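In what follows, a single structure is set out as structure tokens and then discussed.
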Amino acid sequence: MLPPVFSETLMDSLLYQKEYTILMRDCDTFGRLKPSAILALFQDSSEVLTEGWGVGLDAMLEKGVGWVAAKLEVTVAARLPRHAETVTVRGWAARCRAGIYPFRYDILAADGTELVRGCSMWVLSDLSAHTMMSARVPRITLPSPEPENAPLPRMRAIRQPEHPRQATRRVQFSELDLNGHLTNTRYVDWATDLAPRAFHESHPMTALRIDYRRETFADEELSLDWELTEEHLFCASKDRFALEITFG
């Protein structure tokens, strides 16, 4: 939920808010908003906010610095939005600490019901050295409606699979972002593709957690360790990422 310090005067500059009608391209074959589409909507809000504050993608690229996702968490509070439904997407910056920049998000139904909520954590990386630990990486303060002493969001650790199976996946040109990395949302598509259609039909997503550990580049082929149970799908690739989807 939005922090109580929001006011009408603050919302214009600190809160991203947009009505959005769910399109076919956003949905799975059952008409539900896809997990990767949720991530895309959330990421769009962060992009608009940072651009408006003068620290967006292009401005940072000029400095040789890029925004890199570190962690992301999504919770389905009520249900997944459906095809042709008009929802409100909101995003705002949480308080940054020690070079970690959290953003919070939610998706509301037309009647104001919170359908989905989420949080992401971002860092700034030196694109030439692929590291945070560089004099070229600035520390910035993002405008936030949250109190000065608000704690960083806490995200639960992703468990390891007990009996993993193996798969491989190669990064394609169409999956690259403007930094030349595998787009953040595509990791989720890779994972959901591992479960069969019949499973997805009776198992809608209720939560999602991702740890982005290191960038993945064009034409790289990753070995995936994965496990599917009635309640969870786990997918990971060594030092690159770990992901867990919970189903209802």
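Observations, loosely collected:
- Failed item in (1) open to solvent by 10 Å² or more (accessible area, probe 1.4 Å); (2) closer than 23 Å to Gly248 by Cα, with Glu215 passing the rest: (2)
- Positions within region 75-92 being open to solvent by 40 Å² or more (accessible area, probe 1.4 Å) and in a strand (DSSP E or B), in sequence order: Thr75, Arg82, Thr86
- The single condition from (1) out of contact with any helix residue (DSSP H, G or I) (no Cβ under 9 Å at 6 or more places or on another chain); (2) within 22 Å of Asp189 (Cα to Cα); (3) of a type outside the set (Asp, Glu) that Ala40 fails is (1).
- When Asp58, Asp106, Asp44 are checked against the criterion of being among the acidic types (Asp, Glu) and open to solvent by less than 60 Å² (accessible area, probe 1.4 Å), Asp106 stands alone in meeting it.
- Any hit, region 177-198, residues being among the β-branched types (Val, Ile, Thr) and over 19 Å from the mean Cα position of the chain (by Cα): no
- Which listed residue, of Ser120, Ser125, is under 14 Å from Phe42 (Cα atoms), polar (S, T, N, Q) and part of a strand (DSSP E or B): Ser120
- Test: residue in region 173-181 that is in a loop (DSSP other than H, G, I, E, B) and without any contact (Cβ under 8 Å) to a residue 24 or more places away in the chain: yes
The values are calculated or read from the model by the stated rules, or taken from the named source; none is laboratory data. As the structure is a computational prediction, the values presented were derived from the model and not from experiment. Positions of Cβ are backbone-derived with ideal geometry, glycine not excepted, and every protein chain shown enters the neighbour counts. Ligands, DNA and RNA are excluded from the accessible area calculation, which covers all protein heavy atoms including side chains. Shrake-Rupley method; radii C 1.70, N 1.55, O 1.52, S 1.80 Å.
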